[in-house]
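Beneath this line is the structure, given in structure tokens, with notes to follow.
The values are calculated or read from the model by the stated rules, or taken from the named source; none is laboratory data. These figures come from a predicted structure and were not determined experimentally. When we count neighbours, we look across all protein chains shown, and the Cβ atoms used for this are built from the backbone with ideal geometry, even at glycine. What goes into the accessible areas is simple: the full protein's heavy atoms, side chains included, and nothing from ligands, DNA or RNA. Shrake-Rupley method; radii C 1.70, N 1.55, O 1.52, S 1.80 Å.
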Amino acid sequence: MVDRDVALDDPVGESLGGHHAHLARRLGRAATYLPGVATFSSVSPDADSAEWADLARLLGRGEFADMFSCPVIPPSDWETVFVLEGRQMIWPGSSRTDHPRAGLDTSVVELGAGNVPEMLDLIAKAQPGPFWPRTIELGTYLGIREKGTLVAMAGERLRPPGWTEISAVSTTPEARGRGHAARLVSALVARIVSRNERPFLHVAEANTGAIALYERLGFRTRKQVTFRGFRTP
């Protein structure tokens, strides 16, 4: 039987080589997303100095390479920008959520390209992680409004075969504690499983509140990961 989980060992590379190939830039075996979409980059598991040089040329001098959960370390002349411990969590395979009407929740609205300015404003307030002007092209993004103002959002990001990552789960500080994140994640789970894919997500190990929420919704930890970012020489 095919192990569907194996695609999650390299979610960036699997996405760039598959569902997101139209959003990719490549040089040799190195790959990254188009500017404004994402800063995630990928090299092969056995990357040598020549492959890292290809990625550096692809990105340009002094540019940021978010290597996500890639365990391969670049040459010593690459500057380390951050190292963050986290975990990868997956949906167990059923379509059940703690919000059985998730797919019918009328408080949840789909966001489009015209909503990007207010989405960027929300991200600046909530600071859930990277989100750029073209990140919305990665998949579906959903939001919740209060009195016309976007106060919470979440969406689809990486798309390795058979899986869709839930990301950018964010709520403005003044709107927290009202269940918005749970409703958005549940709505995304319902959409993803309806097309016979499984949801997964990543979360910083220090974000214990988010981990507890995802566990309540039914996610389980698949593995611990280390997120790393570098600057090209």
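Identify all residues within the range 199-233 that are in contact with a helix residue (DSSP H, G or I) (Cβ under 7 Å, 6 or more places away or on another chain) and more than 19 Å from Asp66 (Cβ to Cβ); write none if there are none.
Hits for the range 199-233 are Pro199, Leu213, Leu217, Arg222.
Checking the structure you have, find out if any residue of the range 221-231 is free of Cβ contacts under 8 Å to residues at least 12 places away in the same chain and loosely packed, with under 15 Cβ neighbours inside 10 Å.
No, the range 221-231 contains no residue that is free of Cβ contacts under 8 Å to residues at least 12 places away in the same chain and loosely packed, with under 15 Cβ neighbours inside 10 Å.
So, Pro130, is that one within 30 Å of Ser76 (Cα to Cα) and in contact with a helix residue (DSSP H, G or I) (Cβ under 7 Å, 6 or more places away or on another chain) or not?
For Pro130, the condition - within 30 Å of Ser76 (Cα to Cα) and in contact with a helix residue (DSSP H, G or I) (Cβ under 7 Å, 6 or more places away or on another chain) - is not met.
In this structure, does Glu215 turn out to be among the acidic types (Asp, Glu), touching a Ser or Thr at 6+ places or on another chain (Cβ under 9 Å) and either at pLDDT below 95 or surrounded by fewer than 19 Cβ atoms within 10 Å (Cβ to Cβ) (or both)?
So Glu215 fits the description; yes.
For every residue, the table says whether it meets (1) within 15 Å of the chain's Cα centre (by Cα); (2) of a type in the set (S, T, N, Q).
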| position | (1), (2) |
| --- | --- |
| Trp163 | yes, no |
| Ala175 | no, no |
| Ser194 | no, yes |
| Val203 | yes, no |
| Thr221 | no, yes |
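For the list (1) surrounded by 22 or more Cβ atoms within 10 Å (Cβ to Cβ); (2) out of contact with any strand residue (DSSP E or B) (no Cβ under 7 Å at 6 or more places or on another chain); (3) under 20 Å from Leu16 (Cβ atoms), I need the number of the one condition that Ser186 fails.
Condition (3) is where Ser186 drops out.
Name the residues in the range 123-170 that are open to solvent by 20 Å² or more (accessible area, probe 1.4 Å), part of a strand (DSSP E or B) and not polar (S, T, N, Q), would you?
If the condition is that a residue be open to solvent by 20 Å² or more (accessible area, probe 1.4 Å), part of a strand (DSSP E or B) and not polar (S, T, N, Q), then Arg145, Glu146, Val169 are the ones that fit.
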